[in-house]
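This report concerns only the one structure given below.
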Amino acid sequence: MYVTTVDSAVPDPMTGAPQHIGLIGAWPQGEFAHDPMSLGESLGSGWRATVSMGGSVIGVLGGLVHGTISVKMLGGPIQIARTSVQAAKSGSEALFTLIAFLSINLAVLNLLPIPILDGGQVLLVVAAAVKGSTFSDRVRDVFMTVWLPAIALLFAVVMYNAFTGLILGLYVVFLPIPFHCPKTLLFFFATPQL
């Protein structure tokens, strides 16, 4: 087992205000014990893990909407790269779990009813079916452009968080843990090792 201690100012998930706290990051080094499964059991376990990870993504989205999770917790490409390195150091199981989580994360986000995304296109098709005819190009364009500032704001927040993390040297590390554990991800704060 590898344990690191961290004593730094980190943003509070609820308010975003900096807190000076000490945390440890602990994770197993090496291999996990595996129980043999039949194909049916593997498919069932994979389905439960997928539903659990999808539920985690929806829970975080709900927390962002209700204000129980700070937007400072959002990460982009830089955070994904750092998390990937940390997962790779933990072993292939952690890395593949992270890849699965990122794929499910992308799928859930892509199905949101935001016009630029696939979920928005599905919403337009369903609305056109209810209406009985397709929408004009002008209506579709307005529908798309209304959400464009929201997507741009989300991009700006994620990039701000990334650059703030680079400048302050703080970032959140997401370490996948095995599927049989009750939580999908272990969150803890760390500072880059110099």
### Task
Using Cα centres only, tell me the gap between the range 134-155 and the range 43-119 in whole Å.
25
### Message
What are the ³J(HN,Hα) couplings of the range 154-164, residue after residue, when phi is run through the Karplus curve with 6.51, -1.76, 1.60 and θ = phi - 60°? Round to Hz, x for glycine and proline.
### Response
4, 4, 5, 5, 5, 5, 4, 4, 5, 6, 4
#### Entry: Paramagnetic reach from Leu112 in the range 44-61 [backbone N under 11 Å; point 7 Å along Cα→Cβ]
58, 60-61
#### Entry: Karplus (6.51, -1.76, 1.60) ³J(HN,Hα), θ = phi - 60°, over the range 36-44, in Hz, Gly and Pro reported as x
x, 10, 7, 4, x, 5, 5, 5, x
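Values quoted throughout were computed directly from the atomic coordinates according to the rules given, and no laboratory measurement underlies them. What you see is a predicted model, and the numbers here were worked out from it, not measured in a lab. Backbone-built Cβ (ideal geometry, glycine too); neighbour counts: all protein chains shown.
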